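The values are calculated or read from the model by the stated rules, or taken from the named source; none is laboratory data. In this text, all values refer to a predicted model and were calculated from it rather than measured experimentally. Please note: Cβ atoms are built from the backbone with ideal geometry, for glycine as well, and neighbour counts cover all protein chains shown. Side chains included, ligands, DNA and RNA excluded: accessible areas come from the protein's heavy atoms. Shrake-Rupley method; radii C 1.70, N 1.55, O 1.52, S 1.80 Å.
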Amino acid sequence: MTTENSQSVITKPPSKLRLYLEVSRLHNFPVGSERVFWPCAWASTSAAYRTAATFDVLSFHVLALGFVCIFLHSAGCVINDILDVECDRRVERTKSRPLPSGELSLGSALMFLAALTGGGLLGLSLTTPAAFRIALFAIFPLYTLYPLMKRWTNWPQAWLGLTMNWGIFVAWTWMAEMHDYYTPTVLYAGAWVWTIIYDTIYASQDKDDDAKTGIGSTAVVFGRWVRQTLSLFALIFVVFLAYAGVTNHQSVVYFVVSVGGAGLHLFWQLATVDFDEPADCSDKFVSNSSLGFIVWLGILLDYMINTY
């Protein structure tokens with residue numbers, strides 16, 4: 001007699017910690033958080049260059065803002081998943097996330113959101129009252145309303161650009177304590193354009209699902225002209241970056257490393273990205289962390305040379 005034993009595979013459900021990490025995107029850390037952080041680092045270091053602040057002060061500001069960026073970006077992701085749960089269920093890439101899949105309850109997500117927001121506010125309490133007030137605008141309306149933009153407009157990436165880079169004004173105000181906002185405004189405009197570039201690349205992963213379900217996206221709007229359109233945006237970003245350096249009286253180091261490096265990185269991205277291959281779109285999106293570092297490196301080197 002032959003006895004056949006059939007074994008069933010039991011899949012262990014993810015732990016509560018894993019669900020919290022996923023809903024806040026911390027399981028992919030630092031992806032996402034660093035895109036909020038780099039503009040803060042740009043502005044802090046540019047302001048330190050302008051005011052000749054000591055390296056100890058600059059280091060403290062950059063580290064504190066890095067702490068805040070982790071908490072607020074994670075909170076923004078939780079808000080996004082709470083308000084976007086029905087849309088996420090209709091998109092292949094997002095339907096298995098903790099909230100749309102039902103593995104994490106709405107109540108648990110709301111409590112986690114409160115904890116993350118509290119952590120971000122605690123970090124912001126280290127800044128000046130003026131910087132703190134400016135930062136509150138990022139929480140509401142910028143972060144809070146972003147998930148609704150894909151229902152209200154075909155350009156949600158434009159609102160995301162306003163949101164992700166608002167830390168430029170917080171960082172500049174905390175470091176410079178001056179009313180001259182011309183340089184950070186130019187830098188903010190450039191960073192806004194940069195966000196549209198990298199998030200359109202990211203959104204290209206879902207462009208077919210977005211088109212079917214009526215979700216707004218610049219990846220859908222630009223269509224077959226996406227490479228040409230983003231190339232124009234890349235040129236605008238580089239011009240803004242160069243002009244910000246002019247207004248802040250940066251030296252040639254900044255223009256070679258930050259401006260030149262960013263231009264070369266964007267050229268590589270847009271020359272090689274396959275907008276019909278989700279994995280490549282994801283890789284190019286992630287690579288923008290390197291671009292953010294390159295821009296900061298040029299500002300930091302200029303600051304170090306000028307200060308020491």
Taking a ≥ b ≥ c as the square roots of the eigenvalues of the Cα gyration tensor of region 98-257, is the shape rounded (a/c under 1.5), prolate (a/b larger than b/c) or oblate? oblate
Can you tell me the accessible area per residue over the chain, all protein chains present, probe 1.4 angstrom, in square angstrom? 46 Å²
Helix-only estimate, please: 222 nm mean residue ellipticity of the chain, summing -39500 (n - 2.57) across DSSP H runs of length 4 or more and dividing by its residues, to the nearest 500. -22500 deg cm²/dmol
Proximal charge balance of Phe285 [Cβ under 13 Å; K/R count +1, D/E count -1]: -3
By the gyration tensor of its Cα atoms, with a ≥ b ≥ c the square roots of the eigenvalues, what is the shape of region 77-178: rounded for a/c under 1.5, prolate for a/b over b/c, or oblate? oblate
Quick one: grab the alpha carbon gyration tensor of region 24-307, order the square roots of its eigenvalues as a ≥ b ≥ c, and give me rounded if a/c is under 1.5, else prolate or oblate depending on whether a/b is larger than b/c. oblate
Using Cα positions and a limit of under 28 Å, work out the lysines in reach of Lys16, with same-chain residues fewer than 8 apart set aside. Lys95
Hey, which aspartates and glutamates would be in cross-link range of Lys207, C-alpha to C-alpha under 19 Å, not counting anything within fewer than 8 residues on its own chain? Asp81, Asp84, Glu86, Asp88, Glu92, Asp199, Asp274, Asp276, Glu277, Asp280, Asp283
FRET E, pair Glu92, Leu136, Förster distance 41 Å, beta-carbon r, rounded to 0.05: 0.65
Using a probe of 1.4 angstrom, how much of the accessible area of the chain is carbon and sulfur, in percent? 66 percent
What does the charge count around Val78 come to, taking other residues whose C-beta lies under 14 Å from its C-beta (Lys +1, Arg +1, Asp -1, Glu -1)? -2
Under a Cβ-Cβ cut-off of 14 Å, what is the net charge of the residues other than Ser231 that fall near it, where Lys and Arg count +1 and Asp and Glu count -1? +3
